[in-house]
1. To make sure I understand the rule: partners must be lysines, Cα under 29 Å from the Cα of residue 283, and not fewer than 8 residues away in the same chain. Which ones qualify?
2. Given a 1.4 Å probe and every protein chain left where it sits, what share in percent of the accessible area of the chain is carbon and sulfur?
3. Rolling a 1.4 angstrom probe over the protein heavy atoms, how many square angstrom per residue are accessible across the chain?
4. State which entries of 250/387; 105/177; 113/387; 58/388 exceed 31 angstrom in Cα-Cα distance in the structure shown.
5. Enter the Cα centre distance for the pair the stretch 45-83 and the stretch 122-196, rounded to the nearest angstrom.
6. Suppose every Lys and Arg Cβ carries +1 and every Asp and Glu Cβ carries -1, with no other charges. What dipole size does the chain come out with about its Cα centre, to the nearest 20 debye?
7. If only Cα atoms are counted, what is the Rg of the stretch 136-210, and what is its Dmax, in Å?
8. Candidates (i) 23, 55, 19, 4, 0; (ii) 31, 59, 10, 0; (iii) 26, 46, 26, 3; which is the computed P(r) over Cα pairs in 20 Å bins from 0, in percent?
Amino acid sequence: MKKKLITLCTLCLFLLGSAGFAEAAWQPQLLVSLGTKGTTLRLSGNIPVVLKRLDNKKVVWQGKAKEFATLTFAGTGWEMNGKKLKNADAAALELTVEDERNLAKLVSTYDSKSYRGALRLVPHKNRLDVINRVTVEEYLQGVVPEEMPPEWNAEAVKAQAVAARTYALHQRKRHGKEGFDVCATTHCQQYGGVAAERTAANQAVKATAGEVLQSRGALVDALFHTDSGGMTENSEDVWGSRIDCLRAAKELRTETYPWEKNVTAQQLGELLAKRGKNIGEIKKIELSPIRIGKASKDRTISGRVKSVTFVGKNGRASVTGNDLRSMLGLKSTLFSMSLNRHVVFIKGYGWGHGLGMSQYGAKAYADSERWDYKKILQHYYNGAQLKKLY
């Protein structure tokens, strides 16, 4: 699915409404969903905190640094340490700091899980939606080590920090209808909060603070994946639409991250039948060999599968590589298929969609070619410019 680019102008206008631009430490904020919890949470902050209603910003409770309090949504209102919380009603609440300039210093804890920034608590009948309102740089401290091993070459980790920052800001409002910007899973980016933080990753975030990738004045969709298998992909061969910065890029090595998976011909025939392609048990598979760097009628230039044709007892059916990846749980669409004694043997390379930066590829360039993070980013995001946003 093609994602909309957010212009820098639009981004700045939005942020001006939520933070004081005149502050030297100004930076964007994100609303990150931490998921759904029960109706009772044990809360605290590392510095003095306040509990505010989201609707009118009125303070309903003040807490000292490291003071724990048990907050319960009792269906029609809130209770604090077993007593009704006055003036809270059934409103959504936020554990935050009285002075917003100190937001980046706040570490909020609920049920022994700590996150930098504020915590929003949105009540429902039998659950609470917990949302972390956090400044971008503090958010990245809990993202980068989850997405790339922080002990890798520092230049690769810096490239990951810039890609993750750009991606998060580009994806802002992806979950807008649900009341937050991004989630904390691989659907957006993995985010582990304070528990995930590592010194080397923090250093990479700090070294690239505020830096993003832009193309024609807009944030690029800085996608990344684990390993390309030998060459990254053009956007139109995955999404069906062209995005200039997401062009196929060569790697130092090919046929990396090998994997295998086997299924019986009968099982594959049954899976196809469930998707309206009832051709019976598979008798023949038509797919050209992998040739990385040279496209064919059924493969992209990176060697990934466009489509596979299956011949069964009851006819023929073509299936896209993306559909097969989803259907069979394959690591990538860079694979070969062969049929032998009623078993379909699948051998592939790489892990992920193949768009944008290959993380293992970035490591290889940093280790073997001594590329810095800027050159790595230029290689994987065609024509994108590195800019300091804040």
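The values are calculated or read from the model by the stated rules, or taken from the named source; none is laboratory data. The structure displayed is predicted, hence computed values, not measured ones. Every residue, glycine as well, gets a Cβ built from its backbone with ideal geometry; the counts of neighbours run over all protein chains shown. Only protein heavy atoms, including side chains, enter the accessible area calculation; ligands, DNA and RNA are left aside. Shrake-Rupley method; radii C 1.70, N 1.55, O 1.52, S 1.80 Å.
1. 261, 274, 294, 297, 306, 313, 331, 347
2. 48
3. Working: 18460 Å² over 390 residues.
Ligands and nucleic acids excluded, the figure is 47 Å² per residue.
4. Among 250/387; 105/177; 113/387; 58/388, the Cα-Cα distance tops 31 Å for 113/387; 58/388.
5. Cα centroid to Cα centroid, the span is 25 Å.
6. That gives the chain a dipole magnitude of about 880 debye.
7. 11.8, 39
8. Computing P(r) over Cα pairs in 20 Å bins from 0, in percent and matching it to (i) 23, 55, 19, 4, 0; (ii) 31, 59, 10, 0; (iii) 26, 46, 26, 3 gives (iii).
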